[in-house]
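Below you'll find the structure, written out as structure tokens, and then a few comments.
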Amino acid sequence: MSPGLTRIFLIGLGTAVVPLDITVNVAFPAITAHFGLPIASIQWVIICYMLTHGSLMLACGRLGDLYGHAFVFRLGLAWNSVAFLLCAVAPTFEWLLAARVMQGIGASLIASCGPALVTALAPESQRARMLAVYTLLFAVGAALGPLVGGLLVELGGWRAVFWFRAPLALAACLLFRAPDIAPRSPARERFDLVGSVLLAVTLAAFLLALNQLRAVADGGWQALPLAALAAAGLYAFILQQRRAKAPLIDLTLFRAAEFSLLNLGNIVAQLAAFVPLLLVPYFLDRVLAYPALTIGLILTAGPLGTMAASPVGGRLAGRVPPGRLLAIGAVLLAAGLGLIATWQASTPVPLLLLALALQGFGAGLFQIAYLDVVTARMPAAARGVAGSLTLLTRTIGVVTSASLFTLLFQLLNAGRPGLEGFGTAFLIAALLAAAVPLLTRVRR
């Protein structure tokens, strides 16, 4: 195997531990049963991980730009090897949540540098195809996740979905060898620690405020100070970026409405795309009474659709205007979510698979086009930050989905047994995805 192919394989192996977190979604029913929790509590397993992941993403991308993407990538793999083991041995739910925070730190170190490592393996003219390769690597992990998760839960319980990733991360860490490809300047730029802390506080406060919205109707007030803290943090972060000699991110990019709306569009798209992973496991478990392995097999259809979209998107990226490719992906995502909204206990399995595969294919096309546009708009010296920005907007969408759709699901099912609000939740998700093309109007 050539050195280039070996590096791609090891980048894929290391990166896979992040999308393989989908195995945890399959274990949701087992985790809630083990700790005696209501369904709503499972959102904290998602939020503790994704909130940490998202809050540190830009900072980790900047670290990669300054100190080497390969170094930061390996550091994340070593860190996550420990975090996975701590999750697996958690004696209490609180322990599990703390270990998920650790896992989020490692995931941000890994994922922030993955796109930069892959695009560095080919000329800039091949950027779109290499990003399609990275999307494929990510999708392979996501495709294997539900199947592997179902098998592991069946054989070893919910703890197995954590410990099996520790040797994968450790192997990739020990075997991956690549020169540091971060652009170097004669005078190394300083890392903006103040900006990183402000951004982390801002994002954490914002996402926690979203999570606490459900308590407002019951007289809860926690969302208000959290929202105020998020607003103050954002203002302080903007001031810091304007006066910092080496800011975390060049905020002048966002003066272009097109660029700002593009990132907002990805947040909305990811918000809608996460709903199947949040709610479908409960439909398959409680309505169809499928075992964990069958649930995993069915959930695999979505990531397989994303895998199928990777080579298609890589070829179309240079031939189809980016705005059109973004719109096609969003419409297909909406169509798949709309089909899921029609599911009943009598729905044949092939139709379940078709709906999941269609929304996965649409999400994959959209993601490739979005990655290509954002990477092209930012300088090569900020390639780590560019990759991190795409993952940051994805994380905000996922955590927002986990917070808002668990709240929505509770409201739709208030006072009623079962999952009567399932169809309505997916109809709303489909409408959100259908609105994304209105935001992502990108010129060539």
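Brief remarks follow.
- Scanning the range 304-357 for residues that are at pLDDT below 85 and either under 15 Å from L131 (Cα atoms) or not assigned by TED's automatic domain parsing to the domain that holds F138 (or both) returns M307, S310, P311, V312, G313, G314, R315, L316, A317, G318, P322.
Residue by residue, here is whether (1) at pLDDT 80 or above; (2) in contact with a Ser or Thr (Cβ under 6 Å, 6 or more places away or on another chain); (3) part of a helix (DSSP H, G or I); (4) surrounded by 17 or more Cβ atoms within 10 Å (Cβ to Cβ) holds:
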{"position": "A200", "(1), (2), (3), (4)": "yes, yes, yes, yes"}
{"position": "G220", "(1), (2), (3), (4)": "no, no, no, no"}
{"position": "A231", "(1), (2), (3), (4)": "yes, no, yes, no"}
{"position": "I238", "(1), (2), (3), (4)": "yes, no, yes, no"}
{"position": "F254", "(1), (2), (3), (4)": "no, yes, yes, no"}
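- Residues considered: A70, A78. Of these, the only one that is touching a Cys at 6+ places or on another chain (Cβ under 6 Å), among the small types (G, A, S) and in contact (Cβ under 8 Å) with a residue 40 or more places away in the chain is A78.
- Answer from A107, A99, A88 - the residue that is of a type in the set (A, V, I, L, M, F, W, C) and under 16 Å from the mean Cα position of the chain (by Cα): A107
- Evaluating S196 against the criteria (1) closer than 29 Å to N25 by Cα; (2) at pLDDT 80 or above; (3) in contact with a Lys or Arg (Cβ under 8 Å, 6 or more places away or on another chain); (4) not charged (D, E, K, R) leaves one unmet condition, (1).
- Looking only at residues of the range 1-37 that are modelled with pLDDT of 80 or more, in a loop (DSSP other than H, G, I, E, B) and surrounded by fewer than 23 Cβ atoms within 10 Å (Cβ to Cβ), we find that the one that is farthest from the chain's Cα centre (by Cα) is G36.
- Condition met for T306 (touching a helix residue (DSSP H, G or I) at 6+ places or on another chain (Cβ under 8 Å), farther than 23 Å from A30 by Cα, polar (S, T, N, Q) and assigned to a helix (DSSP H, G or I)): yes
- Test: residue in the range 241-253 that is hydrophobic (A, V, I, L, M, F, W, C), within 24 Å of L66 (Cβ to Cβ) and without any contact (Cβ under 8 Å) to a residue 12 or more places away in the chain: no
- The criterion of being part of a helix (DSSP H, G or I), at pLDDT 85 or above and closer than 20 Å to A434 by Cβ holds for F274.
- Some residue of the range 117-131 being closer than 21 Å to L56 by Cβ and crowded, with 19+ Cβ neighbours inside 10 Å: yes
- Members of the range 256-283 that are of a type in the set (D, E, K, R) and either under 30 Å from T342 (Cβ atoms) or not assigned by TED's automatic domain parsing to the domain that holds T306 (or both): none
- Test result for S112, within 26 Å of N413 (Cβ to Cβ) and of a type in the set (S, T, N, Q): no
The values are calculated or read from the model by the stated rules, or taken from the named source; none is laboratory data. Fair warning: this is a prediction, and the values are worked out from it, not measured in the lab. Quick reminder, even Gly has a Cβ in these numbers, built from the backbone with ideal geometry, and neighbours come from all protein chains shown.
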